[in-house]
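Take a look at the structure below.
The values are calculated or read from the model by the stated rules, or taken from the named source; none is laboratory data. The structure presented is a predicted model; accordingly, all values stated were derived computationally and were not measured. Counting neighbours? That spans all protein chains shown, and the Cβs are built from the backbone with ideal geometry, glycine included. In case anyone asks, the SASA skips ligands and DNA or RNA and just uses the protein heavy atoms, side chains included. Shrake-Rupley method; radii C 1.70, N 1.55, O 1.52, S 1.80 Å.
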Amino acid sequence: MARRPPVPPAPAAASAPLPTTLLSGPRVFAGQLQASEPRWWRYAAVVVLSSVLSGVAYALLVRHVPGSGPLSPLVNVLGGTFLGGLSFVLMWGLGHLGAGRAGRAAEVYGATFALLPPLWLLVIVWTLLTPAIAWLPQGNSGAGRALDQAALAQAAPAQAALRAAGGTQAGALLMLVTLLGTAAQFALAFPAFLRLTGQPGRALLGALLPLLPALLVQFVGIAPLVVALLSRPPGA
């Protein structure tokens, strides 16, 4: 009886690329990702790290706001982590709806979060290096002018402190990273989707459908600073 030839083992799946590969070449990243097994949780650690750092950055920025309570820093860190996670879920769900299964939205958008940790660290360092006087309401002015004392007397202390924090360079940088950093994630995702799907329309949908919802979620995190700055009293 003739023996059957041995069945050759199935070729092992290629290893997935590092998330930082996306930053230097989205199409190269997508090509390497396409050869690996799909894993929706593959870059979850990057999402968590970025989200925690965003919460830490915000907590440090508003640490001088009065009446916030001893647990406020922890609440702010958890809030930033939650908003970062919610943004990822929206990117994943709506990106999958637009780009389809071939787009592997969870992995693509998870990898885009690798852009943010260095930016959040920059915000944190900048915040820690900001002189203490900048957090005082009287010092909150881009031109270095003191706020009108009568206007300060009418303003709530917490609102005045938020206005001071938002008026610092660190506050401006935090708001810039929050919005433009999120927008940059979609700019990185589009060429990756294009390589994975081979369909410009699906790639565009995968990048555009989650854009506005994710930006709105991130805006919620900085809304107290924006509202405080827009409600600047006369004479400021």
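The label point for His64 and the one for Glu37, both projected 7 Å from the Cα toward the Cβ, are 5.3 nm apart.
Charge tally around Ala45: other residues with Cβ under 13 Å, Lys/Arg +1 each, Asp/Glu -1 each, net +1. Projecting label points 7 angstrom from Cα along Cα→Cβ for Leu122 and Val220 puts them 2.7 nm apart. With each label modelled as a point 7 angstrom along the Cα→C-beta vector, the Val227-Leu23 pair spans 3.4 nm. If the chain linking Leu129 and Leu78 were pulled fully straight, counting 0.36 nm for each residue of separation and taking away their Cα-Cα distance, it would gain 16.0 nm. FRET efficiency for Ala14 and Leu176, Cβ-Cβ distance as r, R0 = 41 Å, nearest 0.05? Efficiency for this residue pair is about 0.65.
Placing a label point 7 Å from the Cα of Gln199 along the Cα-to-Cβ direction, the residues of the stretch 94-114 whose backbone N falls under 11 Å of that point are 98-103. The apolar share of the surface of the stretch 19-60, taken as the fraction of accessible area on carbon and sulfur atoms (1.4 Å probe, ligands and nucleic acids excluded), comes to 66 percent. If the chain linking Leu208 and Leu86 were pulled fully straight, counting 0.36 nm for each residue of separation and taking away their Cα-Cα distance, it would gain 42.2 nm. Counting only protein heavy atoms and a 1.4 Å probe, the stretch 17-134 has 48 square angstrom of accessible area per residue.
Relative contact order of the stretch 165-229, taken over Cα pairs closer than 8 Å and 6 or more residues apart, is 42 percent.
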